[in-house]
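What follows is one structure encoded as structure tokens, with my remarks underneath.
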Amino acid sequence: MANNTADHPPGNSVADGNHDGDFGVTVSDLRGLMELRSGEAVNKIRDDYGDVQGICRRLKTSPIEGLSGNPVDLEKRHAAFGKNFIPPKKAKTFLQLVWEALQDVTLIILEIAAIISLGLSFYHLEGGDSEACGQASGGVDDEGEAQAGWIEGAAILFSVIIVVLVTAFNDWSKEKQFRGLQSRIEQEQKFTVIRKGQVIQISVSEMVVGDIAQIKYGDLLPADGILIQGNDLKIDESSLTGESDHVRKSLEKDPMLLSGTHVMEGSGRMVVSAVGLNSQTGIIFTLLGAGENDEEKKAKKTKTQDGIALEIQPLKSEEAAESEEKEEVKPVKKVIVPKKEKSVLQGKLTRLAVQIGKAGLIMSAVTVIILILYFVIDTFGIQGRSWTSECTPIYIQYFVKFFIIGVTVLVVAVPEGLPLAVTIALAYSVKKMMKDNNLVRHLDACETMGNATAICSDKTGTLTMNRMTVVQAYVGDTHYKTVPEPTAIKPDTLEVLVNSISINSAYTTKILPPEKEGGLPRHVGNKTECALLGLVLDLKRDYQPIRDEVPEEKMYKVYTFNSSRKSMSTVIRNSSGGFRMYSKGASEIILRKCSRILGSDGHLRVFKPKDRDEMVRKVIEPMACDGLRTICLAFRDFPAEGGEPNWDAENEIVNDLTCIAVVGIEDPVRPEVPEAIAKCQRAGITVRMVTGDNINTARAIATKCGILLPNEDFLCLEGKEFNQQIRNDKGEVEQERLDKVWPKLRVLARSSPTDKHTLVKGIIDSTVGETRQVVAVTGDGTNDGPALKKADVGFAMGIAGTDVAKEASDIILTDDNFTSIVKAVMWGRNVYDSISKFLQFQLTVNVVAVIVAFTGACITQDSPLKAVQMLWVNLIMDTLASLALATEPPTESLLLRRPYGRDKPLISRTMMKNILGHAVYQLVIIFTLLFAGEKLFDMDSGRNAPLHSPPSEHYTIVFNVFVMMQLFNEINARKIHGERNVFEGIYRNPIFCSVVLGTFVLQIIIVQFGGKPFSCTALTIDQWLWCVFIGVGELLWGQLISSVPTHRLKFLKEAGHGTKKEEIHEEEMAADADEIDHAEMELRRGQILWFRGLNRIQTQIKVVNAFRSSLYEGLESPASRNSIHSFMAHPEFVPLSEEEARIPPIEESGEEIQTLPGTSSSLSSSVMLGDSTSSTA
């Protein structure tokens, strides 16, 4: 058939320097070929190479045996055709990150102020009568002091540098972590190839041109190739072309397979023709250029295009934009999935930060104005001086000093530590979650998980072990409760049964001997088929000889399993010239198409509808009630004299079947699942099961898992019934109807992906109930893609999951186990709590510092806390505290409270009580020290000091006490739900202990040796003890505060809300966005009106077309390489008349997308879906 040169790399190959000479085809030939489509490609292959086998011969590979895997040969191929690796975009250098950190507005203001202050401090009056300038110059008696004026400016600059370096270092480590995660995801991506006639899995980056790859339903193609043999293959090429219709591939019509596209149906084999940068995805990326300068171009481009391009790039907060850029770093093999709207937490934080920022700005402006007015009135009004030219620099120095005080107030008011705390908390969690088998693909998914109120889980593989075995069978009119002995079945029936199972299954599915002695045999491939092959082995027969007799090439036609068929059929040619077709599938579907059955004597007898009903009642329902999945096996003969049937008329072909047997397959519940589900229910999370299985099976499994509890009023629906209840006469989904169904729904059986997507979207959009729902979804099949994308958190299965599912998910469960989801909930809640702890601590610091700086400045013309001290407080309190509080490990007790949900404020009333309570204590102490400290400690007052006077003991004590109180309050901040014991579990967090001790040591150094830059003088041991004593008072005061019942304090407000219900209705109408904060709303309003105009005019299809045409401009950003799928996942894209018109979810065939919205009612009834790939029945 093809020459098998691949087994021994040619020794006498043309040994000229040109590597391409070794193969009969060059890179450019193949690139040229891969750019052609359908008919053109077929003609080109025919004219230049004869056929695909001809290409294989030139590439020195065998379509059956594959490559030899000889390292020398592989190396040659690498040299000639390149490696299957696309170099990622260059990481930002540390200097670039420093530059980005410097862009922070408050820092820029500080830098300018410091530079002016520095410049002015070097400008001295030459001999002029300094008295003339009034008290302004008072105190500059000694030259040394005047010289020291530059120190403050320099210290501010130095602090700014430290803040910038810390920020840049954090970004850099975040980026590094992200890349590590990315490469880990890359390495885990394996692909099946044939080498030396053996089917093996290799890492995607090891694939070479000439490899023979096996492709199947759910694969993401890692390289370009040409089809050698295919069964009913359909590919989703939307990621490259923007065409949403699935493209049918066959040798005669269109054999070209492109990297980055998804296999939606069927299976086959291809010869790899281009890898890495020469593949179609690689070429697009080369066009994108991994250069940095595209960033600017991209920005310009976006502005120039009409509405559409603007929509492609949703507005995001800086945080999100940052992580978005990190997303683009991903190497190309992944199609980059843009995240949904901003995560719940980010929305709340952005809103909170904006509020705090505004308040801080107002305070600082007021401070500066009061200071300047006071100075001007005092100097020129009361003292009656005139502004003279020689006094100008001194006055300007005063104004600069006031300005610096104002900026200082602002710096302290804005919690810069927030983004840092969030990053640290998330990065730390992600690292630890790896150990708990959660591979997090999007950082914000882990905190969203903590808010989850509902989990829609698959059954197969997640709740069950996905190790299927046949435990009951109905053959020859007998229902066997255990697998029958081979002798109990008539030989002819047995023969048909064994052939049917062996031939009508994917040949990639095998049962291999166990790895360890005494272990269970290994199931490879589709688990349902493995169960059937196991039945063949139990019947003391072997499937391999039958497969060898009928290799895949001899199969005449294959109708592969897909979600709408729920069955699989294979046609082979008999020796007599006729055809035989074997079918298997969900029992109720196949039985409906059976007109005969093999009786107890092994002969055919007629099978009427009433026989079928009896069989359903007596065989299938009892099996299903035992939690078994029922599969029916059947066949049909087409005699030679009838001529060749029309294979495309599938409904007529798969009909008039003869039933061979019905088997019951058990998939045992994972032993740890019931416990995990009970934990979820205790934690206030509703678990729903969405499966493609029969309703009785689903109900039985749900009862075993504890999803359905006895004596409770819950709904179990089938997909069809569910759709009848939620759709109106026109077939459109109505939210009000859905709201009546979902709260009680626990099991949705025989559901299609559309149903799953509808349910998830319905729950997320729903506004009934006290809180809005946050939904997590698990999925493993290609068909779960839309629901995974729509969910707030999508979990994909790492082992059983298809590439498509992993691509659409946020977290990958590396052990496919439901208990890992519970771990994710725990980590998510922990992140949320960590950030709340940090906020509680940070806001106390902010409130106190701002009030002290403000009142101090207004009363004494000078902030008691100097700019550099403020920066130190800001640095330690922000950076180090975020480290300390964000790395608390989670405890089981987190699972004992209800989830916060979407609209729960970040700062609860208890936290508000703590913040204000501690602020009161600190303010009282500080003002006492400020205005009476010199009497208490018997020393000189530091108030009203002239411009460059030396630091006073008085103000040093104020600063030191302030820091001590913050340090002890950091311990208080460890608890946010009003617990008493703040030390509980403190030894479990070494980072916290080391941060607190480290800060304390640094504070001693600053006070004792900080001198002029920090405006400090050394304190005596007595004074230190007093400072620490006042600090410890914080802990006692904390106990006092927690004794006050929160519900008595009616005046306390919460802050940092999510979206209110009232707002939801308006916003939902405006755009399907859960978390648009108001700063963004302003920006968006203009855009929305503009899009509203656009969207009203254009129908769905025009939008799709516009998207196609703008695809090539859109390709400027990898994030838009996402075709219509993301187009639906993006809030910006959904037309604003969202409810009237919604593009039907992906899985429907193209025809449905062509019809206008509203007609998609037929979908739900026609598309009935398996609960995953594994439900191949």
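The values are calculated or read from the model by the stated rules, or taken from the named source; none is laboratory data. Predicted model, so just to flag it, every value in this text is computed and none were measured. Cβ coordinates were reconstructed from backbone atoms using ideal geometry, including for glycine residues, and neighbour counts include every protein chain displayed. Note: areas computed on protein heavy atoms with side chains; ligands, DNA, RNA excluded. Shrake-Rupley method; radii C 1.70, N 1.55, O 1.52, S 1.80 Å.
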TODO: Go through the range 648-674 residue by residue and tally those that are within 43 Å of the chain's Cα centre (by Cα) and surrounded by fewer than 15 Cβ atoms within 10 Å (Cβ to Cβ).
DONE: 6
Open item on the list: Looking only at the range 535-577, how many residues end up being polar (S, T, N, Q) and either touching an Asp or Glu at 6+ places or on another chain (Cβ under 7 Å) or under 20 Å from VAL663 (Cα atoms) (or both)?
Closed with: 6
Task: the range 910-929 residues that are free of Cβ contacts under 8 Å to residues at least 24 places away in the same chain, paired with ones that are surrounded by fewer than 19 Cβ atoms within 10 Å (Cβ to Cβ) and part of a helix (DSSP H, G or I) (beta carbon under 8 Å, 6 or more apart) - done: THR928/LEU936
TODO: Determine if the range 747-755 includes at least one residue that is part of a helix (DSSP H, G or I) and at pLDDT 85 or above.
DONE: yes
Open item on the list: I'd like the residue in the range 852-869 that is touching a helix residue (DSSP H, G or I) at 6+ places or on another chain (Cβ under 6 Å) and in a helix (DSSP H, G or I) and, out of all such residues, is most open to solvent (accessible area, probe 1.4 Å).
Closed with: PHE854
Open item on the list: Residues that are under 22 Å from SER205 (Cα atoms) and among the small types (Gly, Ala, Ser): does the range 34-48 have at least one?
Closed with: no
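Conditions (1) in a strand (DSSP E or B); (2) of a type in the set (D, E, K, R), marked per residue:
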site	(1), (2)
ASP601	no, yes
ARG612	no, yes
ALA624	no, no
ARG636	yes, yes
ASN646	no, no
THR658	yes, no
VAL663	yes, no
ALA676	no, no
- [ ] Could you grab the pairs with beta carbons closer than 9 Å, sequence gap of 6+ or different chains, first residue in the range 993-1016 and farther than 17 Å from GLN966 by Cβ and of a type in the set (Phe, Trp, Tyr), second one open to solvent by 30 Å² or more (accessible area, probe 1.4 Å) and modelled with pLDDT under 90?
- [x] PHE1009/ALA1018
TODO: Among residues belonging to the range 557-581 that are open to solvent by 20 Å² or more (accessible area, probe 1.4 Å), assigned to a loop (DSSP other than H, G, I, E, B) and modelled with pLDDT of 85 or more, point out the one that is farthest from ALA488 (Cα to Cα).
DONE: GLY577
TODO: With respect to ALA223, determine if the residue is at pLDDT 85 or above and either closer than 25 Å to THR570 by Cα or touching a Phe, Trp or Tyr at 6+ places or on another chain (Cβ under 8 Å) (or both).
DONE: no
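Can you say whether ALA849 is among the small types (Gly, Ala, Ser), surrounded by 24 or more Cβ atoms within 10 Å (Cβ to Cβ) and under 28 Å from SER882 (Cα atoms), as far as the supplied structure shows?
Spelling it out, ALA849 is indeed among the small types (Gly, Ala, Ser), surrounded by 24 or more Cβ atoms within 10 Å (Cβ to Cβ) and under 28 Å from SER882 (Cα atoms).
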TODO: Residue by residue through the range 45-82, note down the ones that are outside any helix (DSSP H, G or I), of a type outside the set (D, E, K, R) and touching a residue at least 12 places away in the same chain (Cβ under 8 Å).
DONE: LEU59, THR61, SER62, PRO63, ILE64, GLY66, LEU67, SER68, GLY69, ASN70, GLY82
TODO: Quickly run through the range 589-622 and pick out the residues that are open to solvent by less than 50 Å² (accessible area, probe 1.4 Å) and of a type outside the set (Val, Ile, Thr).
DONE: LEU591, CYS594, SER595, LEU598, GLY599, GLY602, PHE607, ASP611, MET615, PRO622
Task: Pick from the range 726-744, criterion closer than 26 Å to ARG565 by Cβ and open to solvent by less than 20 Å² (accessible area, probe 1.4 Å), ranking: modelled with the lowest pLDDT - done: GLY731
Task: The lone exception for LEU896 - which of (1) farther than 30 Å from GLN681 by Cα; (2) modelled with pLDDT of 80 or more; (3) open to solvent by 40 Å² or more (accessible area, probe 1.4 Å); (4) of a type in the set (A, V, I, L, M) it fails - done: (1)
- [ ] Take the range 1012-1051 and flag every residue that is within 30 Å of SER949 (Cβ to Cβ), among the β-branched types (Val, Ile, Thr) and part of a helix (DSSP H, G or I).
- [x] ILE1021, VAL1028, ILE1030
- [ ] Take GLN189 and decide whether it is at pLDDT 70 or above, in contact with an Asp or Glu (Cβ under 9 Å, 6 or more places away or on another chain) and within 30 Å of ILE55 (Cβ to Cβ).
- [x] yes
Open item on the list: Whether any residue in the range 823-835 is in a strand (DSSP E or B), in contact with a helix residue (DSSP H, G or I) (Cβ under 9 Å, 6 or more places away or on another chain), surrounded by 24 or more Cβ atoms within 10 Å (Cβ to Cβ) and not basic (Lys, Arg) is what I want to check.
Closed with: no
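Examine the range 485-498 for a residue that is open to solvent by 40 Å² or more (accessible area, probe 1.4 Å) and in contact with a Lys or Arg (Cβ under 6 Å, 6 or more places away or on another chain), and state whether such a residue exists. Talk me through it step by step, then tell me what you get.
Initial filter on the range 485-498 (open to solvent by 40 Å² or more (accessible area, probe 1.4 Å)): 485, 487-488, 490-492, 495.
After this cut, where a residue has to be in contact with a Lys or Arg (Cβ under 6 Å, 6 or more places away or on another chain) as well, the list is none.
Among the residues of the range 485-498, not one is open to solvent by 40 Å² or more (accessible area, probe 1.4 Å) and in contact with a Lys or Arg (Cβ under 6 Å, 6 or more places away or on another chain), which makes the answer no.
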Task: Test: residue in the range 59-72 that is more than 20 Å from LYS196 (Cβ to Cβ), open to solvent by 30 Å² or more (accessible area, probe 1.4 Å) and either basic (Lys, Arg) or in contact with a Leu (Cβ under 7 Å, 6 or more places away or on another chain) (or both) - done: no
TODO: Could you check how many residues of the range 722-739 are touching a residue at least 12 places away in the same chain (Cβ under 8 Å) and part of a loop (DSSP other than H, G, I, E, B)?
DONE: 3
Task: Top-ranked residue of the range 767-803 - restricted to ones that are small (Gly, Ala, Ser) and outside any loop (DSSP other than H, G, I, E, B), ranked as nearest to the chain's Cα centre (by Cα) - done: GLY794
TODO: At least 2 residues that are closer than 30 Å to PRO905 by Cβ and open to solvent by 20 Å² or more (accessible area, probe 1.4 Å) in each: list the helices (runs of 4 or more DSSP H) lying fully within the range 376-468 that qualify.
DONE: 417-435
Task: Conditions (1) open to solvent by 20 Å² or more (accessible area, probe 1.4 Å); (2) of a type in the set (D, E, K, R); (3) in contact with a helix residue (DSSP H, G or I) (Cβ under 8 Å, 6 or more places away or on another chain); number of the one not met by ARG772 - done: (1)
Task: Among the residues listed as VAL25, VAL42, the single one being assigned to a loop (DSSP other than H, G, I, E, B) and either of a type in the set (Ser, Thr, Tyr) or within 17 Å of GLY225 (Cβ to Cβ) (or both) - done: VAL25
Open item on the list: Which residue is modelled with the lowest pLDDT, if the candidates are limited to the range 582-599 and must be farther than 13 Å from ARG636 by Cβ and assigned to a helix (DSSP H, G or I)?
Closed with: GLU588
TODO: Look through the range 913-969, keep the residues that are under 30 Å from PHE1051 (Cα atoms) and polar (S, T, N, Q), and return whichever of them is surrounded by the fewest Cβ atoms within 10 Å (Cβ to Cβ).
DONE: THR928
